[in-house]
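Beneath this line is the structure, given in structure tokens, with notes to follow.
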Amino acid sequence: MPTIVSGCTIDDANAEVRISQGTATGITLEPTVLGVYSGCQLHILDHIGLTSNIINLPTFVYGDSIDDVCAHPDINIPLAECQALATFYTDMDGVNWTYDTNWFTEVDVDSWYGISLTGAGVTKYVNGISMPSNNIAGDILDYLFLDIPNLATLDLRNNSITTLTSDIEFASALKTLILSQNDLLNIPVEIGNLSQLDYLDLAYNGLTSFNLDASQQLDQLDVLYLNNNVLTSVSSEILNLNELDILTLNNNQLTTALPLTANTGQLVQLDSLNLAYNLLS
Amino acid sequence: MLPDLDTLILSDNSISTLTLTGANLSNLYTLNVKNNNLTTFPQPFGNLPLVSVIDVSDNDITSIPASINLLTTLKQLFASRNDIAFIPTGLADLVGLTRIYLNDNLITNFPSQIGNITALQVLYLYNNQMTGAVPTTLTNLTALTSIYINSNKLNRTNAHLAEMQGALLSWYNSRVGGKSRANQ
């Protein structure tokens, strides 16, 4: 007897429960997503496919809760890092991500989609999150940087990220930050505190300005992509990025070029400067 | 400032003047100022000791300064679609030039000095106002692979063109002689 289920929610978000098998004496539910299911209905169909009966199912848990997963001995990262990934998943629309292979399964976290680990011991540490084009939506909040202290690479290009927290300043190990092709409208000035950052790609967002203050410590920054935004200004502090090799400011709304003065010692390493498609006159 | 800069792209803006003083561009290899509102070449050239590619296409530049002979490292000059009427003799000093694009300008005299630039591979001079004979010096351009000098008012019956080689001969045959093409 064929059956379908509808009306389910998982943690208050819509989700579908798939029935893999059913018998006259019992039905096994195999949802595709771990978590808490409520509001599920079992539709009993007759032989021509019409609903003959509806059974309201009680709330049930499929699999371990995320907290249980994070505490599991096979999870080889610190609890706080696992919980930060869990928050990242739930806050940033994880159920709609294109890929989340192995997430919240009790295996080596290095096999979780997009996650890379570092460390030689049994316990390892998250040092990379690379999930380009993964349908990630929302705000990047503090937990990623406060709770994952070894994070060196964060590549979330081509998603739907709307803000970046000023707590980015706590990502003291961050070397590569790629947030191009998102929906960012501004970048917190605290990004200037990332003294290890060497690659920063913020192209193809909606940035109207890019500001650094005089205390910026971007002493390792080699590459800065700010092209294809709607920048009308960049702060003069950009001139003090003395390791910078590549600076793209093309396709913006700049009316004046960099505020270069006759001072020496500005942008001394710069190899390539692109200011095409602006409003320079 | 910018002593390491090798690529500077300022294309597609509304820049009307670009002065290269005040910046140390001693390492600049490519200068792209295409599609702006320049009426003169970015200068002074003396500040560009290593420049290899200059693109000033699609501006309103009226002449090439005589001091262009200072750009001794220049390999490619893109200056199409300007209002250039005058080509200085000093252009011939740039013996490393392999590509010259001067089509769609207002040049009235064929720049015969180009015949001294024997490394030249590409020469675009089409759609100008040139009159008179195609200079005999062009027969020196044995490396030439592409030449477009159509859409001018040139005399097409130069006997010496029969001695031409390669691309220039093809051009001659297709544009002037017509004979070889007709026989093919």
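Which residues, counting only those in the stretch B:24-33, are surrounded by fewer than 20 Cβ atoms within 10 Å (Cβ to Cβ) and modelled with pLDDT of 95 or more?
Result: B:Tyr29, B:Thr30.
Spot the failing condition for B:Leu38; the list is (1) at pLDDT 95 or above; (2) away from chain A (no Cβ under 14 Å), and only one is missed.
Against the list (1) at pLDDT 95 or above; (2) away from chain A (no Cβ under 14 Å), B:Leu38 comes up short only on (2).
Could you please find all residues in the stretch B:21-46 being more than 18 Å from B:Phe78 (Cα to Cα) and part of a loop (DSSP other than H, G, I, E, B)?
Residues satisfying the conditions are B:Thr21, B:Gly22, B:Ala23, B:Asn24, B:Leu25, B:Ser26, B:Asn27.
Quick check on my filter: what residues within the stretch A:234-259 are at pLDDT below 80 and in contact with a Ser or Thr (Cβ under 9 Å, 6 or more places away or on another chain)?
Those that are at pLDDT below 80 and in contact with a Ser or Thr (Cβ under 9 Å, 6 or more places away or on another chain): A:Leu258, A:Pro259.
Tell me whether the stretch A:209-222 contains one or more residues that are within 9 Å of another protein chain (Cβ to nearest Cβ) and either assigned to a loop (DSSP other than H, G, I, E, B) or within 25 Å of B:Asn35 (Cβ to Cβ) (or both). Before you say what the answer is, go through the steps one by one.
We begin by selecting, within the stretch A:209-222, every residue within 9 Å of another protein chain (Cβ to nearest Cβ); these are none.
Scanning the stretch A:209-222 turns up no residue that is within 9 Å of another protein chain (Cβ to nearest Cβ) and either assigned to a loop (DSSP other than H, G, I, E, B) or within 25 Å of B:Asn35 (Cβ to Cβ) (or both).
Taking B:Leu154 as meeting all but one of (1) of a type in the set (A, V, I, L, M, F, W, C); (2) at pLDDT 60 or above; (3) more than 30 Å from B:Pro49 (Cα to Cα); (4) in a helix (DSSP H, G or I), write down the number of the exception.
Of the numbered conditions (1) of a type in the set (A, V, I, L, M, F, W, C); (2) at pLDDT 60 or above; (3) more than 30 Å from B:Pro49 (Cα to Cα); (4) in a helix (DSSP H, G or I), the odd one out for B:Leu154 is (4).
Quick one: is B:Ala79 without any contact (Cβ under 8 Å) to a residue 60 or more places away in the chain and more than 9 Å from the chain's Cα centre (by Cα)?
No; evaluated as a whole, the condition is false for this residue.
When you check A:Leu241 against the structure, is it under 24 Å from B:Asn32 (Cβ atoms), in the same structural domain as A:Asn127 (by TED's automatic domain parsing), crowded, with 18+ Cβ neighbours inside 10 Å and out of contact with any His (no Cβ under 9 Å at 6 or more places or on another chain), yes or no?
In short, yes.
Condition check: outside any loop (DSSP other than H, G, I, E, B) and not aliphatic (A, V, I, L, M). Does B:Asn82 satisfy that?
On the way: outside any loop (DSSP other than H, G, I, E, B): no; not aliphatic (A, V, I, L, M): yes.
No.
Inspect all residues belonging to the stretch A:67-78 and state whether any of them is surrounded by 14 or more Cβ atoms within 10 Å (Cβ to Cβ), at pLDDT below 90 and touching a strand residue (DSSP E or B) at 6+ places or on another chain (Cβ under 8 Å).
no
I'm trying to understand the selection: among the residues of the stretch A:134-185, which are of a type in the set (A, V, I, L, M, F, W, C), in a loop (DSSP other than H, G, I, E, B) and either more than 25 Å from A:Thr118 (Cα to Cα) or within 11 Å of the chain's Cα centre (by Cα) (or both)?
The answer is A:Ile136, A:Leu141, A:Leu156, A:Leu179, A:Leu184, A:Leu185.
Scan the stretch B:89-101 residue by residue and report those that are outside any helix (DSSP H, G or I), touching a residue at least 24 places away in the same chain (Cβ under 8 Å) and within 11 Å of the chain's Cα centre (by Cα).
Once the filter is applied, which keeps residues that are outside any helix (DSSP H, G or I), touching a residue at least 24 places away in the same chain (Cβ under 8 Å) and within 11 Å of the chain's Cα centre (by Cα), the stretch B:89-101 yields B:Leu94, B:Thr98, B:Arg99, B:Ile100, B:Tyr101.
Does the stretch B:40-91 hold any residues that are of a type in the set (Phe, Trp, Tyr) and touching a helix residue (DSSP H, G or I) at 6+ places or on another chain (Cβ under 8 Å), and which are they?
B:Phe41, B:Phe45
Restricting attention to the stretch B:5-23, and to residues there that are surrounded by 14 or more Cβ atoms within 10 Å (Cβ to Cβ) and in contact with a helix residue (DSSP H, G or I) (Cβ under 8 Å, 6 or more places away or on another chain), which single residue is farthest from the other protein chains (Cβ to nearest Cβ)?
B:Leu20
Count, please, the residues in the stretch B:34-46 that happen to be crowded, with 16+ Cβ neighbours inside 10 Å and either more than 20 Å from A:Asp271 (Cα to Cα) or in contact with a Lys or Arg (Cβ under 7 Å, 6 or more places away or on another chain) (or both).
6
Identify, please: which residue in the stretch B:47-74 is among the small types (Gly, Ala, Ser) and assigned to a helix (DSSP H, G or I) and is, among those, surrounded by the most Cβ atoms within 10 Å (Cβ to Cβ)?
Per the stated criteria, the residue is B:Ser67.
The values are calculated or read from the model by the stated rules, or taken from the named source; none is laboratory data. Quick caveat: nothing in here was measured; it's all calculated off a predicted structure. With ideal geometry, Cβ positions are generated from the backbone for all residues, glycine too; neighbour counts draw on all protein chains shown.
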